[in-house]
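One structure is given here, and the rest of the page talks about it.
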Amino acid sequence: MTQNFAPTFDNWTVVILAAGQGKRMRSAVAKVLHPLAGRPMVRYVVDAARAAGFGRCIVVVGADAGDLRAALGEGVEYAVQREPLGTGHALASAKDAVGDAEHVLVLNGDVPLIAPETLAALARQHMDAGGDVTFLTTEVDDAGAYGCVQRDGDGRVTDIVEAPERSGLAEGPAEINAGQYCFRAAWLWTHIEAVPASAGGERYLTSLIPLAARESATVVPVAVDEASEVQGINDRAELAEAEALMRQRINRGHLLTGVTIIDPATAYIDADVVIGQDTVIEPNTHLRGATAIGDNSRIGPDSTVRDATIGERCQIVSSTVEEATLEDDVDVGPYSHIRAGTHLSSGVHIGNYAEVKNARLGRGVKMGHFSYIGDADVGEETNIGAGTITCNYDGTEKHRTRIGRGAFIGSDTMLVAPVTIGHGARTAAGSVVTKDVPDGVLVAGAPARVTRSTGKERQP
Ligand code: UD1
Ligand code: CA
């Protein structure tokens, strides 16, 4: 995030709990893999721990967690919880992997808005206070599914009471357990096996708190002011709330680094998107995945850009750009679709109702009106007339079309691929080009035949 902490937490290991079934999501996808602003939610937790200055990170996963491992990759280690028998059981499953770290930071994998600064402060307080257990709490209006912190008359924490255990009790404002804990490892590992099973058969990590309180171990609650930072995600309503919060956070980051966002409420920008200074994001614009946009561009209104690289001074209006590269000074739209594998060189103009797929358009190519260019290479300064179509598919295979530099493709030309149009060549309106066209000639008709020279057979 904004600050870089030195890796001060050397003798620590982080354990991220991510093996729960997430039943409340009602999904075939593991809860912690549901994306928030384009990133699996558990990745935010990993990234926050890293940014806070923690080194080793062990993610507790279920027995069949190929997708989770694929999403998080090699940067973290894994421990397997064979059956989802509760958060206490999950933490116990990581014991061998943790090894001999002095302190363990335990994080719920479904609390993605947590800030690195908060985690670093939690760990510092744990060390300063000599805590056996230090954990984050916050005040909420409605305890809902959270565990409620119980204190005695002197304000000492005595227990965390989980929702299933307080059924029938009136809900309301409460101090809740936020789901981030620091443990002195020696204390943790001598007590984790003593965690009892709940009535529902789960071993709650939070049962360590009453255990610690009873034997007068040092329990340190640390309050977070902003409850939204520790919002847990259990169902899709909470996912949508967290998405909105994350979006605000991301948009604010861009606003403060010199991007104009006309209406932040309708700018949907994924976490990994990079935007240059003085670029303007118009309303109802979606910037997805690994998109990067240069300085002084204008995207939107009503546009989607996904996994694309956009240069400087580009404009995209009411259009969709996916897995494509636009160099500088390119303009697209309204109502065009730039698809995977497209490369638009500097100064290319794509007007309305155009589709470009897997094609390279050279510098200054103009393609102003409804047309389809797919599987093609177009030389610089060539003009693509209205209604031009590369007939790239013969029903079995795709074929390439090559168009030279400074060519002029007349309106309504069909280019039946594989076919090559020479430099400086022209096709008359309505041509159906089935054979290669040499440099500098005009072809016309269906099928198109050479009718005369264009006088442009020499191109620079
Ligand atoms: C938990 C806490 C609750 C706290 C809340 C904060 C417990 C018992 N309760 O409740 O006090 O207020 O988080 O958000 O810990 N997981 C496993 N294995 C399991 C079960 C869960 O790895 O067997 C993982 C889940 O994937 C999830 C995390 O642990 O990332 C928390 O589990 P969840 O079931 O969501 O706990 P809550 O009911 O939210
Ligand atoms: Ca939860």
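The values are calculated or read from the model by the stated rules, or taken from the named source; none is laboratory data. Everything numeric in this text was worked out from a predicted model, so none of it was measured. We place every Cβ from the backbone using ideal geometry, glycine too, and count neighbours over all the protein chains shown. Side chains are part of the model used for accessible areas, which takes the heavy atoms of the whole protein and leaves out ligands, DNA and RNA. Shrake-Rupley method; radii C 1.70, N 1.55, O 1.52, S 1.80 Å.
Counting pairs of alpha carbon atoms under 8 Å apart in space and at least six apart in sequence, what relative contact order in percent does segment 301-396 give?
Over segment 301-396, the number comes to 17 percent.
Please compute the contact order of the chain in relative form: average sequence separation of alpha-carbon pairs under 8 Å and at least six residues apart, divided by the residue count, as a percent.
Relative CO of the chain lands at 8 percent.
When 1/r is averaged over all different Cα pairs and the result inverted, which Kirkwood radius in Å belongs to the chain?
Computed over Cα pairs of the chain, the Kirkwood hydrodynamic radius comes out at 25.5 Å.
Quickly work out the D152-to-D328 label distance, labels modelled 7 Å from Cα along the C-beta direction, and quote it in nm with one decimal.
Each label point lies 7 Å from its Cα, and together they span 7.1 nm.
Carbon and sulfur atoms: what percent of the 1.4 Å accessible area of segment 24-159 do they account for?
Percent of accessible area from carbon and sulfur atoms in segment 24-159: 45.
Tell me what the chain gives for mean residue ellipticity at 222 nm when only DSSP H runs of n ≥ 4 count, each as -39,500 (n - 2.57), the sum divided by the residue total, rounded to 500 deg cm²/dmol.
After summing the helix terms and dividing by residue count, I get -5000 deg cm²/dmol.
Which order, highest average first, do 294-300, 87-93 follow once you tally other Cβ atoms within 10 Å for each residue and take the mean per peptide?
Most protected by this proxy first, the peptides run 87-93, 294-300.
Among DSSP bridges having both ends in the chain, what percentage is antiparallel? Round to the nearest 5.
25
Mind checking the per residue accessible area of segment 258-453 for me, 1.4 Å probe, whole number of Å²?
40
Please list 3J(HN,Hα) in residue order for segment 28-35, calculated via the Karplus relation 6.51 cos²θ - 1.76 cosθ + 1.60 where θ = phi - 60°; whole Hz, with x for glycine and proline.
7, 9, 4, 3, 5, 8, 4, x
How big is the gap, in Å, between the Cα center of segment 284-342 and the Cα center of segment 354-374?
Each part reduced to its Cα centre gives a spacing of 14 Å.
Taking 0.36 nm per residue of sequence separation and subtracting the Cα-Cα distance, how much length would be gained by fully extending the chain between V450 and E139, in nm to one decimal?
Stretched out fully, the V450 to E139 stretch lengthens by 103.9 nm.
What are the residues whose amide H is under 5 Å from the amide H of C314, where those residues sit 5 or more places off or on another chain and H is modelled from the backbone?
S297, R298, D329, V330
Using Cα atoms only, what is the angle between the long axis of helix 236-256 and the major principal axis of the chain, expressed in degrees (0 to 90) to the nearest 10?
Approximately 70 degrees, to the nearest ten.
Compare Y181, Y78, Y204 by solvent-accessible area with a 1.4 Å probe and give them largest first, with all protein chains kept in place.
Y78, Y204, Y181
For segment 321-377, what does the relative contact order come out to in percent, with C-alpha contacts under 8 Å and a separation of six or more?
30
Taking the 0 to 90 degree range and rounding to the nearest ten, how far is the long axis of helix 41-52 tilted relative to the main principal axis of the chain, both from C-alpha atoms?
70
For I16, enumerate residues with amide H under 5 Å from its amide H, sequence gap 5+ or separate chain, H modeled in the peptide plane.
Answer set, sorted by chain and number: I58, V59, V60, L107.
With θ taken as phi - 60° and the coefficients 6.51, -1.76 and 1.60, list the Karplus ³J(HN,Hα) couplings across segment 84-94 in order, rounded to whole Hz; mark glycine and proline as x.
Coupling constants for segment 84-94: x, 9, x, 5, x, 5, 4, 5, 4, 5, 9 Hz.
List, in order, the whole-Hz ³J(HN,Hα) value for each residue of segment 439-448 obtained from phi through the Karplus relation with A = 6.51, B = -1.76, C = 1.60 and θ = phi - 60°; use x for Gly and Pro.
4, x, 10, 9, 10, 8, x, 9, x, 6
Count the DSSP beta bridges whose two residues both fall in segment 126-275, then state the antiparallel fraction as a percent rounded to the nearest 5.
On the way: 13 of 18 bridges.
Just about 70 percent of them are antiparallel.
Can you give the angle from 0 to 90° between the axis of helix 116-129 and the longest principal axis of the chain, with both taken from C-alpha atoms, to the nearest 10?
That helix lies at roughly 20 degrees to the long axis.
Calculate the length of the line joining the C-alpha centroid of segment 133-203 to that of segment 61-110, in whole Å.
Rounded to whole Å, the Cα centres lie 20 Å apart.
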